[in-house]
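One structure below.
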Amino acid sequence: MFESIVIDDKLTLTDDEFEQISTLVYDHCGINLHDGKKELVRSRLAKILRQKRFRSFSQYMDYVACDSTGQAFSELIDSLSTNLTSFFRESIHFEFLAGTFLPELIARKLRSNQLRLRGWSAGCSSGEEPYSIAITLLEALPERSRWDAKLLATDISTRILKRAQEGLYEQERIDPVPPALKSRYLIRRTQKTGKRYEVAPALRQMIVFKYLNLMENWPFRGPFDFIFCRNVMIYFDKPTQQRLIDRFWQTLAPGGILFTGHSESLTGIRHHFRYIQPTIYRKG
């Protein structure tokens with residue numbers, strides 16, 4: 001086991017406190033904070049303890065437990081969440097979406113005159129993923145005004161959701177966007193802090209951002225034509241991953257696609273998905 005880690009002369013993180021924190025997070029969110037995450041937990045939560053002048057992690061956890069608004073717990077999760085993303089990250093997914101799946105899906109929906117399209121970005125972080133999906137959809141849809149196309153974008157971090165809804169990005173964040181798409185879907189703004197880019201209204205209108213804990217009841221049934229859940233399941237243990245994959249299957253439309261992260265696979269998980277290529281799976 002790990003020894004107590006000293007933050008300063010008066011504040012330490014004990015093994016018992018770490019176990020209390022990891023149990024709380026797992027029970028509520030399914031996130032598995034194993035012993036190797038102890039230093040991460042210590043360093044990130046220490047900032048909150050200093051800001052709020054708590055004298056111990058135990059005192060801080062009492063505060064979280066007694067906060068009936070849930071804001072303290074949300075702040076704890078925000079601090080422990082890792083939000084690494086970029087526009088068109090893992091480009092193979094967007095190539096498959098634009099070049100293979102959407103043409104098939106659009107043709108099928110046109111034949112049946114069912115011009116409704118739904119996608120879900122589960123773990124949307126600061127918004128680059130759902131905005132990239134929205135750009136891909138708008139580029140693919142013929143006669144866009146005829147389509148009822150919407151994206152649900154969810155995350156457990158209220159702080160990061162606020163950033164996603166703002167839709168403002170620094171130059172380096174939008175570098176992966178091809179110039180032609182950048183000119184159509186990103187608006188340059190000059191601010192005191194420098195140049196930033198704002199997503200166009202057409203993207204905002206397509207996306208609904210919502211807080212969601214994947215371990216709780218989902219206030220929707222779908223069906224979704226596709227789901228992006230990338231680099232989220234790496235934080236869960238196998239039983240939690242199993243439950244989540246089962247729920248994704250139930251929520252996808254027949255023929256729907258599940259995209260997972262490059263470091264994730266369904267190996268060791270019982271499922272009915274058909275393997276298409278690494279990190280891409282089809283229902284039926």
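Values in this text are rule-based calculations from the coordinates and carry no lab data. Keep in mind that what you see is a predicted model, and the values were worked out from it rather than measured. Neighbour counts are summed over all protein chains in view; Cβ atoms, including those assigned to glycine, are modelled from backbone coordinates with ideal geometry.
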Query raised in the report: So how compact is segment 211-272: Cα radius of gyration and Dmax in angstrom?
Result: 11.3, 29
Query raised in the report: What is the count of Lys pairs in the chain whose alpha carbons sit under 24 Å apart, if the two are 8 or more places apart or on different chains?
Result: 25
Report task. Give the order of Cys66, Cys29 when sorted by the count of other beta carbons within 10 angstrom, beginning with the fewest. Result -> Cys66, Cys29
Requested in this report: Among Thr12, Thr158, Thr69, determine the one that fluctuates most according to a GNM of the chain built with springs between C-alpha atoms less than 10 Å apart.
Outcome: Thr69
Query - Choice from Arg108, Arg188, Arg118 with maximal GNM fluctuation in the chain (Cα, 10 Å cutoff) - result: Arg108
Query raised in the report: In nm, what is the difference between 0.36 nm times the number of residues separating Ser91 and Glu172 and their Cα-Cα distance?
Result: 27.4 nm
**Report entry** Dipole magnitude of segment 152-234, debye to nearest 20 (Cβ charges: Lys/Arg +1, Asp/Glu -1, about Cα centre)
**Finding:** 360 debye
Requested in this report: Round to the nearest 0.05 the FRET efficiency obtained for Arg282 and Arg50 when R0 = 51 Å and r is the Cβ-Cβ distance.
Outcome: 0.55
Requested in this report: Using Cα pairs closer than 8 Å and at least 6 residues apart in sequence, work out the relative contact order for the chain, in percent.
Outcome: 16 percent
Query - Choice from Thr100, Thr154, Thr136 showing the highest fluctuation, given a GNM over the chain with Cα pairs closer than 10 Å - result: Thr100
**Report entry** Beta bridges per DSSP with both ends in the chain, % antiparallel, nearest 5
**Finding:** 50 percent
Requested in this report: About the Cα centre of the chain, how large is the charge dipole given +1 on each Lys and Arg Cβ and -1 on each Asp and Glu Cβ? Please answer in debye to the nearest 20.
Outcome: 1320 debye
Report task. Add +1 for every Lys or Arg and -1 for every Asp or Glu among the other residues with Cβ under 13 Å from the Cβ of Asp155, and state the total. Result -> +2
Query raised in the report: Among Phe18, Phe209, what is the fewest-to-most ranking by other Cβ atoms within 10 Å?
Result: Phe209, Phe18
Query - Per-pair calculated FRET efficiency, R0 = 51 Å: Asp35 and Lys109 via Cβ, rounded to 0.05 - result: 0.55
Query - Sites Leu141 and Arg221 - FRET efficiency at Förster radius 22 Å, r taken between beta-carbons, to 0.05 - result: 0.40
Query raised in the report: Counting pairs of alpha carbon atoms under 8 Å apart in space and at least six apart in sequence, what relative contact order in percent does segment 121-236 give?
Result: 35 percent
Report summary line: Going from the fewest other Cβ atoms within 10 Å to the most, one would list Glu216, Glu143, Glu198, Glu17 as Glu143, Glu216, Glu198, Glu17
